[in-house]
1. For region 45-86, just the Cα set please: Rg and Dmax, both in angstrom.
2. Given H placed 1.01 Å from N in the peptide plane, which residues other than close sequence neighbours of Val40 have an amide H under 5 Å from its amide H?
3. Residue by residue through region 34-42, what is 3J(HN,Hα) from phi via Karplus (6.51 cos²θ - 1.76 cosθ + 1.60, θ = phi - 60°)? Round to whole Hz and write x for glycine and proline.
4. Report the local net charge at Gly235: Lys and Arg +1, Asp and Glu -1, summed over other residues whose C-beta lies under 10 Å from its C-beta.
5. Please report the Cα spread of region 42-119 along all three principal axes, rounded to whole Å, starting with the longest.
6. For region 130-231, what's the radius of gyration and Dmax over Cα atoms, in angstrom?
7. Enumerate the amide H contacts of Arg103 below 5 Å, restricted to partners 5 or more residues apart or on another chain; note that Pro and chain-start residues carry no placed amide H.
8. Among Gly88, Pro77, Leu107, whose Cα lies farthest out toward the positive end of the dipole of region 60-109, if unit charges sit on the beta carbon of Lys, Arg (+1) and Asp, Glu (-1)?
Amino acid sequence: RLRYIDAGAGPAVLLIHGFGASMYSWRYAIGPLAAAGYRVVAFDNRGFGFSDKPDSGYTNAAYAHLVVALLDSLRIPDAVLVGHSMGGEIAAEVALAHPERVRALALIDAAGTEVHWPLLLRAARWRVVGGIASGLRGRAITARILRGVYADPTKVTTQDVDQYYAPVAEPDYGRALQGVLRQFRFDALRGQLSAIQVPTLLLWGTDDRLIPPSVGRRMAAELPRAAFVFVPRAGHAAPEEQPDAVNHLLLTFLKEGLPTVPENLAATRIYSGPAQRLYFLNHMVEEL
């Protein structure tokens, strides 16, 4: 079972969060996108948030299949897929395997070719110490990891830490974490990007240390129809750290397409509406 939120009406936009996150990471995007005339779906992916955490099903193909199953369950024939970090890689893999279901892609600080893992997460991948490393899940560790991916750690609030830590405290979270780290390939898009034919927007935090902007530029160069845009003063969590800038760029892309997306965000007018918070809603969908 997956927990999800389905907001608004119009062309469908599916938001796919990154590793260790949940649909909470899209709290600033759901409201503005829905208010702009889009049907916005965000969900806790398998193994994360408060969705199921089975023993298996964490391969790249399994995650891509899950996205298609969710679209089928919600009777969405095609959608713009917006993916952050690991979610960006999943979105791209759906575009490769099921191009008829993807109208366009927006990849934000996306995995797929290269990731610079923190030591704790590198250790969690090792079989010998993986159980110990994935068991280090205190609230303080969650806070440290979360602040570590921001350009400005002071922007991380107590509420943010609480929301990220809540699923981490679940007893089966460690097993799911190891399942993802051992089964999912975070470099599976190497040599594959040239086959993606849909318009693709790449947004990258200028201060992303986990997946540096140079990685995103190389990805954009391989994509046939792509635009790359820096998000200033953002680390790896651009949708959370600079939500107005990210929302502005997403809405420009959704409404007008790639030719109008600016290369230099600093020269553009930033969305000035309210950065709406959307808290967890306990909608569930059966996995097909």
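1. Radius of gyration, then largest Cα-Cα span, for region 45-86: 11.1, 30 Å.
2. Ala7, Gly8, Val13
3. 3J(HN,Hα) across region 34-42, in whole Hz: 5, 5, 7, x, 10, 8, 10, 10, 10.
4. -2
5. Reported extents, whole Å, longest axis first: 41, 26, 19.
6. Calculated on Cα positions, Rg and Dmax stand at 17.0, 44 Å.
7. For Arg103, the qualifying residues are Ala79, Val80, Leu81.
8. Ranked along the dipole, the leading option is Pro77.
Each reported figure results from applying straightforward, stated rules to the coordinates on display, with no laboratory input. Everything numeric in this text was worked out from a predicted model, so none of it was measured. A quick note on method: Cβ atoms are made from the backbone with ideal geometry, for glycine too, and the neighbour counts reach across all protein chains shown.
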